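The structure appears below as structure tokens.
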Amino acid sequence: MPAACESVLEDIEDIVSAEDLKPHDRQFVRKNVFPKVRKRNSQKNAEIDDEPPSDSIIPGVQKIWIRTWGCSHNNSDGEYMAGQLAAYGYKITDNSAEADLWLLNSCTVKNPAEDHFRNSIKKAQEGKKKVVLAGCVPQAQPRQEYLKGLSIIGVQQIDRVVEVVEETIKGHSVRLLGQKKDNGKRLGGARLDLPKIRKNPLIEIISINTGCLNACTYCKTKHARGDLASYPIEELVDRAKQSFQEGVCEIWLTSEDTGAYGRDIGTDLPTLLWKLVEVIPEGAMLRLGMTNPPYILEHLEEMAKILNHPRVYAFLHIPVQSASDSVLMDMKREYCVADFKQVVDFLKEKVPGITIATDIICGFPGETDEDFLETMKLVELYRFPSLFINQFYPRPGTPAAKMPQVPAAVKKQRTKDLSQLFHSYNPYDHKVGERQRVLVTEESFDSNYYVAHNPFYEQVLVPKDPLLMGKMVEVNIYEAGKHFMKGQPVSDARVHTASITRPLAKGEVSGLTEEFRRAPQNGTNWKAQPSAEIPVKTRLSSWMALRLPWQQEGGGLKILSVSLALLAVLVMFYYRGMKTE
């Protein structure tokens with residue numbers, strides 16, 4: 001087998017092992033090379049073994065385990081990478097121990113998430129697993145010591161994950177960290193019509209843009225995702241339509257800041273949402289992702305109309321982070337507390353029952369007791385049903401990491417005090433006895449219930465009846481907890497099937513184009529069959545001959561690798577000729 005490449009390659013085109021002999025060195029080692037006579041075994045040669053030798057490296061036959069941390073945008077990236085790998089023939093497994101390669105898709109928002117990521121790398125190396133890294137951590141800081149020598153796929157390069165995995169399995173270290181551009185203009189990222197494997201076949205996560213317009217002093221994600229880059233409206237609508245044709249009944253729109261959508265391409269979020277609403281079938285729902293206060297302020301009237309639409313959840317995630325203007329200024333959040341209150345008050349008035357979720361950071365550098373008290377008052381005022389409480393962690397390389405820090409004990413106490421306040425009220429007690437319409441899409445963590453959501457995206461647990469999955473049903477609320485309600489389906493109510501077609505099976509690849517489905521494979525049609533069902537000789541010839549449609553850009557990489565090998569041979573003969581002379 002060829003020696004593994006120890007050096008880190010900046011791009012996949014540079015596939016030349018660091019341990020390979022240079023042309024100049026070859027003439028000096030020829031005297032130590034002795035031909036080996038191979039004895040023929042006619043009986044053995046008469047038999048053709050369908051399986052390759054145990055030390056063969058044939059891309060597309062290995063098992064891959066994928067682990068994703070972080071936001072829904074990251075989860076969408078993970079689904080796309082899984083889909084492409086499965087379409088190519090790799091087997092995606094839930095068993096990390098049996099996997100040949102681990103694909104670790106990281107999150108850089110908090111220290112604990114990166115710690116889990118680092119520990120997983122160590123565990124993979126101890127288990128002699130091949131490793132490919134993805135997500136915001138390696139994109140933001142690819143030169144960290146613990147990432148040394150490992151393959152990395154950048155957040156805008158996920159459409160080339162097959163190539164990176166392929167080369168990693170062969171022993172090379174490959175890094176693709178570049179930005180996608182069109183005539184010098186940064187694009188939103190990889191194509192939206194790539195194959196994917198949805199974690200939940202009923203839910204499609206669509207990233208409408210990447211990056212943001214802010215420069216928050218605590219944020220590490222900006223280092224990875226960069227400035228705002230939006231996808232065109234027509235591409236997003238096409239992706240939504242395709243999802244519904246595959247049985248999806250709920251769409252999540254995600255990005256680092258959905259409210260900023262379109263400002264870089266001459267459009268805006270309400271324009272996109274109205275176009276999407278037109279293609280949502282009856283019974284299906286759309287959930288809007290996180291938006292920062294500054295940009296939603298410009299569209300409050302239109303947003304209220306959209307959030308009142310029967311096929312859009314009356315739900316909005318608006319992070320406030322702190323109720324102190326001085327802290328917000330140090331964070332460079334570009335709004336004041338009055339702006340946040342204006343957004344919340346307006347939407348609560350115009351969209352009755354709307355759910356407002358928010359985030360708060362406890363112990364940001366410079367936060368005083370008075371500052372924190374203002375935050376407590378804000379939570380007491382609005383009693384947010386969904387509140388994400390985060391103790392401040394200084395992220396390396398951010399301005400906030402260089403600011404004077406609040407003592408750890410103080411940060412911990414403030415986090416505890418805010419958590420106690422949050423758990424002192426029950427937002428759903430008054431809804432016991434109501435009759436609600438809910439969409440059933442998931443199974444609960446304890447596997448005892450199915451999870452549904454009412455029009456305000458409040459969680460309702462219903463009996464685990466397979467007939468309810470993917471259905472819009474009416475339930476009577478008979479119990480309420482801190483984070484959920486429990487509902488009993490109404491026996492005489494109409495049950496509506498939200499999906500317009502049969503959903504894909506769990507693990508089935510979505511988004512395979514007809515072009516890809518018709519790709520020739522030794523006289524058969526390539527249909528993303530599990531690798532175990534494809535004969536090895538067929539897989540090998542397909543790997544050598546087939547370029548996946550989404551990989552056509554840069555399709556000369558294989559040719560370049562072969563050309564380099566041929567060039568090395570020619571140089572070797574040239575030096576041999578010089579020696580003869």
Query raised in the report: For the stretch 289-308, which residues satisfy the criterion of being open to solvent by 10 Å² or more (accessible area, probe 1.4 Å) and either farther than 22 Å from residue 76 by Cβ or among the hydroxyl-bearing types (Ser, Thr, Tyr) (or both)?
Result: 294, 295, 297, 298, 299, 300, 301, 302, 305, 308
Query raised in the report: Cβ-Cβ below 6 Å, separation at least six or inter-chain, first residue in the stretch 384-405 and within 15 Å of residue 319 (Cα to Cα) and in contact (Cβ under 8 Å) with a residue 12 or more places away in the chain, second open to solvent by less than 60 Å² (accessible area, probe 1.4 Å) and of a type in the set (Phe, Trp, Tyr): which pairs?
Result: 387/422; 392/364
Report summary line: Inside the stretch 360-373, the number of residues satisfying the requirement of being on the phi < 0 side of the Ramachandran plot and buried (at least 17 other Cβ atoms within 10 Å of the Cβ) is 8
Query - Members of the stretch 374-389 found to be open to solvent by 30 Å² or more (accessible area, probe 1.4 Å) and either at pLDDT below 95 or polar (S, T, N, Q) (or both), listed by number - result: 386
Report task. Would you point out the residue of the stretch 143-157, among those that are within 18 Å of the chain's Cα centre (by Cα) and open to solvent by 10 Å² or more (accessible area, probe 1.4 Å), that is farthest from residue 225 (Cα to Cα)? Result -> 157
Report task. Look through 193, 159, 94 and report the one residue that is in the same structural domain as residue 224 (by the TED database) and on the phi < 0 side of the Ramachandran plot. Result -> 193
**Report entry** Single residue of 169, 152 found to be over 18 Å from residue 106 (Cα atoms), modelled with pLDDT of 90 or more and among the hydrophobic types (A, V, I, L, M, F, W, C)
**Finding:** 169
Query - Flag for residue 330 being open to solvent by 10 Å² or more (accessible area, probe 1.4 Å), of a type in the set (Asp, Glu) and more than 30 Å from residue 224 (Cα to Cα) - result: no
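The values are calculated or read from the model by the stated rules, or taken from the named source; none is laboratory data. Treat the numbers as computed from the prediction; the structure is a model and nothing was measured. Note: ideal-geometry Cβ built from the backbone for every residue, glycine included; neighbour counts use all protein chains shown. SASA here: full protein model, heavy atoms, side chains in, ligands and nucleic acids out. Shrake-Rupley method; radii C 1.70, N 1.55, O 1.52, S 1.80 Å.
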